1. Scan (1) more than 19 Å from Leu363 (Cβ to Cβ); (2) surrounded by fewer than 20 Cβ atoms within 10 Å (Cβ to Cβ); (3) hydrophobic (A, V, I, L, M, F, W, C) for the single condition Phe90 breaks and write down its number.
2. Restricting to strands (runs of 3 or more DSSP E) lying wholly in segment 1-108: which have 1 or more residues that are within 14 Å of the ligand (Cβ to nearest atom) and closer than 26 Å to Asp155 by Cβ?
3. Kindly indicate whether Ala329 is of a type outside the set (Phe, Trp, Tyr), modelled with pLDDT of 95 or more, more than 10 Å from the ligand (Cβ to nearest atom) and not in a loop (DSSP other than H, G, I, E, B).
4. Report whether or not Gly86 is more than 30 Å from Gln37 (Cβ to Cβ) and within 24 Å of the chain's Cα centre (by Cα).
5. Suppose we keep only residues that are of a type in the set (Ser, Thr, Tyr) and within 16 Å of the ligand (Cβ to nearest atom) within segment 220-273. Which one would you say is nearest to Ala192 (Cα to Cα)?
6. Only one of Val175, Val150 is within 15 Å of the ligand (Cβ to nearest atom) and modelled with pLDDT of 95 or more; which?
7. Taking the condition of being within 14 Å of the ligand (Cβ to nearest atom) and surrounded by fewer than 18 Cβ atoms within 10 Å (Cβ to Cβ), how many residues in segment 122-137 meet it?
8. Note down all Cβ pairs under 8 Å where the first residue falls in segment 84-100 and is within 26 Å of Leu257 (Cβ to Cβ), the second is surrounded by fewer than 17 Cβ atoms within 10 Å (Cβ to Cβ) and β-branched (Val, Ile, Thr), and they're at least six residues apart or on different chains.
Amino acid sequence: MTTISRLAIVGGGPGGLMLARLLLLRGFEPVVFERDQHSGERPQGGSLDLHEETGLRAMSLAGLAKEFAAAARPEDQGDRLYDQHGTLLFDRDGAGDSRPEIDRIELRRILLESLPTGVVQWGSRVEAVVPRTEGGYDLVVAGAGQRFDVVIGADGAWSQVRPLLTEDVPRYEGVTLVELGFDSLRHLNVDALVGRGKMFAVGDNRVLIAQRNGSGHIRGYAGLRITESEAQALAAKQPERIRAMLVEAFAGWASELIDMIEIGDFIGVRPLYAMPIGHAWRNHPGVTLLGDAAHLMSPFSGEGVNLALADAVDLADALASADRWEAIAACETEIMKRAMPAAEGAAAGLNGALSSQGAAPVLEHYRERVRG
Ligand SMILES: Cc1cc2nc3c(=O)[nH]c(=O)nc-3n(C[C@H](O)[C@H](O)[C@H](O)COP(=O)(O)OP(=O)(O)OC[C@H]3O[C@@H](n4cnc5c(N)ncnc54)[C@H](O)[C@@H]3O)c2cc1C
């Protein structure tokens, strides 16, 4: 095996941090470039469930199973489904399921605490990745280039690394989520609706989602079908104008559901994008992708973080193998193969949750899951 003297990971999300941890365990000295100034700079998003064969396996291989178990919430795996009139159609408390939840911020904390100080270069937005004629890449940060032999793009939806390998870009999925926050002690009606995990209320091309997080928080999403330019215009509005638009869009829904829009703390507007299903990229020695940078999909399959963590495991093994770039080519094929059913599931999930058939497709999906 030839040694890699300079290995950069662009992006300190779950995928990039997991890769850094696994590479350190294999004797590498990776540097993670992260645009955030520090770990608490922005809200990290809601609760994630880790799956046995991908996310949980990665935590265990990284030697972090104990830390994960201490922060995880196995008790919050339930599902509830309402229609737009507030009628409860499905209720499963999820006790004993094998996909424990964890707050995204807690997952990031565990991964960060597993890395020596200095591995993550905070406040380092990579502006460009430029191939060098003599081999390797210049990572441009704050206008200055730094040379690396190997660059891994773990920089999410709008990756700066991806354009080196493919012309494919994320496409708007036709759906935008407005993210809301609740406190389970202050918002007792929302607490009662959510049950032991998450709830969907589904109507004609509109959805309200709320999910229990740690520390008494509940994260909510109001989803609707609008165009990309409408989503951009919405994101530029003041929170109270956004709330008023939502109340109008959900007119006719049960009052306890409309209440969620009226009382939730406004967090942000999230238009949903996805890479084309089944897209692949050119194998190119010295650079590759993982996680959302490789296969962004809407959150409706609940697989995104699990795939990012599993990709990190496979890439760490490939980077450590004797025939490194052959192993990485095989790994890239595996990464895309694994992502394909999840991407199809995400597209089907999104179209099932926001359709003209109301709650029926989601109810059928839950019943199928119970039937196994
Ligand atoms: C609303 C919502 C809900 C979701 N719910 C779930 C769920 O329940 N289950 C699930 O499995 N997945 C869920 N996902 C998807 C999941 O969050 C992602 O798939 C996962 O975070 C991907 O991890 P990643 O490390 O590849 O990328 P990211 O988490 O996007 O991390 C990328 C990192 O790169 C940094 N970065 C970006 N550009 C640069 C740059 N130029 N220079 C330096 N740093 C950069 C970013 O700051 C970020 O820290 C959800 C997503 C959304 C939007």
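The values are calculated or read from the model by the stated rules, or taken from the named source; none is laboratory data. Just so it is clear, the model here is predicted, and its values are computed rather than measured. For neighbour counting, all protein chains shown are included, and Cβ atoms are generated from backbone atoms with ideal geometry for every residue, glycine included.
1. Status for Phe90: all satisfied but (1).
2. On the way: elements: 7-10, 31-33, 47-49, 78-83, 88-92, 101-103.
In segment 1-108, the matching strands (runs of 3 or more DSSP E) lie at 7-10, 31-33, 47-49, 101-103.
3. On the way: of a type outside the set (Phe, Trp, Tyr): yes; modelled with pLDDT of 95 or more: yes; more than 10 Å from the ligand (Cβ to nearest atom): yes; not in a loop (DSSP other than H, G, I, E, B): yes.
Against the criterion (of a type outside the set (Phe, Trp, Tyr), modelled with pLDDT of 95 or more, more than 10 Å from the ligand (Cβ to nearest atom) and not in a loop (DSSP other than H, G, I, E, B)), Ala329 qualifies.
4. No.
5. Within segment 220-273, the match that is nearest to Ala192 (Cα to Cα) is Tyr221.
6. Working: Val150 fails: within 15 Å of the ligand (Cβ to nearest atom).
After ruling out the rest, the residue left standing is Val175.
7. Of the residues in segment 122-137, 6 are within 14 Å of the ligand (Cβ to nearest atom) and surrounded by fewer than 18 Cβ atoms within 10 Å (Cβ to Cβ).
8. From residues that are within 26 Å of Leu257 (Cβ to Cβ), the pairs are Arg92/Val370.
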